[in-house]
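First the structure, in the form of structure tokens, and then the observations on it.
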Amino acid sequence: MSWQTNMQTWLDNTELEPELKQQLNELKDDNDKAEEAFYAPMEFGTAGMRGVLGPGINRMNIYTVRQAAEGLALFMDTLDDETKGRGVAISFDSRYHSQDFAIESAKVLGAHGIKSYVFDSLRPTPELSFAVRTLNAYAGIMITASHNPKQYNGFKIYGPDGGQMPPKESDKITEYVRKADDLFAIKVKTVYQLREEKLMQLIGEDVDQQYLAKLDTVVVNHELIEKVGHKMKFVYSPLHGTGKMIAPKIFQDLGFENFNMVKEQAILDPEFATTPFPNPEFAQTFDLAISLGQKIEANILIATDPDADRLGAAVRQPDGSYKLMTGNQIASVLLNYLLQAKKETNALPTNGAVVKSIVSTELATAIANKYGVKMYNVLTGFKYIAEKIQNFQDNKDHEFLFGFEESYGYLVKPFVRDKDAMQSTILLAEAAAYYESKGKTIYDALEDLYQEFGYYREKTISKTFDGVSGKERMASIMKGFREDGFTEINGVKVVETLDYLNKTDNKNGQVSETGLPKADALKFILEDGTWVAVRPSGTEPKMKFYIGITSDTDENAAEKLASFAKVVDGWE
């Protein structure tokens with residue numbers, strides 16, 4: 001059907017939710033916006049769906065959320081009674097309508113006789129992953145748009161292992177979502193009916209306590225924290241989100257006495273009033289934390305995004321300023337501290353393994369090699385790290401030690417199967433205490449790594465392609481890169497091309513398989529060790545270009561990275 005026909009169906013619905021009705025009346029005369037809202041259904045993939053709030057089949061609202069929940073319910077209807085009876089855990093963040101969408105999901109599931117375990121208030125994404133595992137639920141739903149601006153929300157589905165639903169199952173769910181094409185005909189039960197029929201159970205503090213107990217196991221050296229923890233000063237910001245529910249308890253339980261929350265950003269505000277982009281990779285999100293940090297001379301500043309799966313940090317310098325670290329830098333310091341601490345306490349296994357995404361720093365590989373730990377590279381998306389963890393456990397061939405993506409996501413212990421900023425907070429605080437005991441900062445530790453392994457630098461360039469034509473443009477760019485390829489980039493010879501869509505690895509003319517699932521991504525490895533990767537984002541209307549270089553000095557590395565970035569920024 002045309003977008004006009006789709007919109008008319010909504011206009012004719014006399015029972016449309018009042019707020020959406022008002023928004024639709026404001027939208028209907030703007031053809032460009034109306035077309036974007038109604039031209040096609042929201043994309044539902046392995047990571048669920050994410051989009052702008054508002055009326056329309058291509059927008060996040062109670063009807064598209066019901067459609068997504070209906071797809072999960074129809075899939076679960078095909079399972080045996082015992083498996084279906086395990087139910088679904090549901091959590092949500094602080095965004096507009098997040099709790100509403102969580103309840104709507106439970107109401108749809110309940111209409112199929114599927115029990116839901118719904119958190120009594122907002123909780124982090126990693127705790128939802130943990131809840132799926134600890135409650136033995138079959139699936140999980142997290143209502144969040146992670147670090148996106150306030151206009152967005154999303155619906156993520158997790159599988160029985162607590163990781164995002166594997167491709168085989170998620171593809172089936174997508175089929176069922178598409179079959180539920182009459183959004184207004186999806187059946188729901190009332191909350192009263194759900195509670196009366198014991199199809200909805202509220203959870204909260206009971207799961208918190210179990211999660212906190214597991215978080216305590218992330219600590220490698222409790223004695224170190226007891227000795228040094230009271231000397232450390234931390235500033236923490238939840239960026240108006242779910243980290244507020246758990247982070248203060250972590251610091252209290254571990255004995256880090258001087259914990260200071262950024263009060264303005266501890267307000268659960270869906271407007272994200274203090275920052276237009278609640279993303280800890282952006283320097284602006286640290287402005288208030290820096291101001292507080294300078295007042296109390298804090299050692300380290302920590303910020304987590306609204307669903308508390310990503311973590312960013314800034315470290316105090318000798319002159320009292322704060323130096324922000326990239327996701328790759330944080331991961332490298334955490335990994336090095338973890339492996340070193342395990343080695344010193346004779347807890348480093350002989351079959352240890354680390355997992356990172358294909359666009360993350362190779363400094364981590366050098367660190368892993370030093371400690372005799374195997375490094376595995378997987379596609380972008382933490383579900384692939386979770387999948388690798390499960391393989392390790394099933395095959396009993398490796399012990400998972402650490403996983404990360406350059407986009408500020410890290411995991412230490414596999415009782416969660418998604419990136420976990422609460423675990424990362426603990427390990428970062430412990431590492432900071434360790435280096436404090438040596439008269440150093442986290443940033444000094446990073447400089448030591450550069451001195452040992454070389455100066456690694458990375459950069460991500462994002463380009464936005466909005467609207468209906470945006471997807472076509474991104475597809476055209478990727479098609480051109482595949483067909484034309486590169487023999488050199490910035491004057492340096494390309495020696496290896498990895499095409500993850502065709503699953504080919506062309507190294508100096510010798511073609512082999514990548515050994516990874518299909519994904520719309522390309523990676524070019526150059527003669528001097530530089531690498532460049534490109535892929536369309538799976539959750540935003542963006543194309544991302546990644547660059548990784550290494551050099552002998554800080555100055556040379558900065559110059560080399562800037563040179564490559566200038567070239568890559570011109571690609572279209």
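The values are calculated or read from the model by the stated rules, or taken from the named source; none is laboratory data. Here the structure is a predicted model, which is why all the values come from computation and not from measurement. Neighbour counts run over all protein chains shown; Cβ positions are idealised from the backbone, glycine included. Just the protein is used for accessible areas: all its heavy atoms, side chains included, with ligands, DNA and RNA removed. Shrake-Rupley method; radii C 1.70, N 1.55, O 1.52, S 1.80 Å.
Ranked from largest to smallest solvent-accessible area, with a 1.4 Å probe on the protein heavy atoms, ILE173, ILE103 come out as ILE103, ILE173.
Among the protein heavy atoms of the stretch 382-518, carbon and sulfur supply 43% of the accessible surface, probe 1.4 Å, non-protein parts ignored. The solvent-accessible area of ARG457, taken with every protein chain present and a 1.4 Å probe, is close to 40 Å².
Across the stretch 409-426, rounded Karplus estimates of 3J(HN,Hα) from the backbone phi angles (6.51 cos²θ - 1.76 cosθ + 1.60, θ = phi - 60°) give x, 9, 9, 9, 10, x, 5, 10, 10, 8, 4, 9, 5, 6, 4, 4, 4, 5 Hz, Gly and Pro being marked x.
The solvent-accessible area of THR514, taken with every protein chain present and a 1.4 Å probe, is close to 30 Å².
Do you know the relative contact order of the stretch 399-509, to the nearest whole percent, from alpha carbon pairs under 8 angstrom that are 6+ apart? Result for the stretch 399-509 is 9 percent. Placing pseudo-labels 7 Å out from each Cα toward the beta carbon at LYS518 and LYS396 gives an inter-label distance of 3.6 nm. Take the chain with all the other protein chains still there, run a 1.4 Å probe, and you get 41 Å² of accessible area per residue. Centroid-to-centroid, using Cα positions, the stretch 175-207 and the stretch 480-503 are 47 Å apart. Binning the alpha carbon pair distances of the stretch 208-302 at 5 angstrom intervals from zero yields the distribution 2, 13, 21, 22, 19, 14, 7, 2, 0, expressed in whole percent.
When you restrict to C-alpha pairs under 8 Å that are six or more residues apart and normalise by the size of the stretch 36-112, the relative contact order lands at 26 percent. Of HIS222, HIS112, the order by accessible heavy-atom surface (1.4 Å probe, DNA, RNA and ligands excluded), from most exposed downward, is HIS222, HIS112.
Separation of the stretch 411-465 from the stretch 154-172 is 28 Å, based on Cα centroids. In µm²/s, what is D for the stretch 330-414 at 4 °C and 1.567 mPa s, where D = kT/(6 pi eta Rh) by Stokes-Einstein and Rh is the Kirkwood radius from Cα pairs? Value of D from the Cα-based Kirkwood radius: 103 µm²/s. Computed over protein heavy atoms with a 1.4 angstrom probe, the accessible surface ordering of GLU458, GLU572, largest first, is GLU572, GLU458. Counting Lys and Arg as +1 and Asp and Glu as -1 over every other residue whose Cβ lies under 10 Å from the Cβ of PHE382, the net charge comes to -2.
For the stretch 175-244, a Kirkwood radius taken over Cα pairs fed into Stokes-Einstein (37 °C, viscosity 0.692 mPa s) yields D = 185 µm²/s. Across the chain, Cα pairs under 8 Å and at least six residues apart give a relative contact order of 11 percent. With axes computed from alpha carbons, what is the tilt in degrees of helix 442-453 against the longest principal axis of the chain, rounded to the nearest 10 within 0 to 90? In the chain, helix 442-453 runs at an angle near 70 degrees to the longest axis.
Straight-line cross-link reach from LYS231 at under 17 Å between alpha-carbon atoms covers these lysines, not counting any fewer than eight positions away in the same chain: LYS295, LYS438, LYS440. Per-residue SASA remark: THR345, around 70 Å² accessible (1.4 Å probe; ligands, DNA and RNA not included). Taken along its principal axes, the alpha carbon cloud of the chain reaches lengths of 67, 56, 48 Å, longest axis first.
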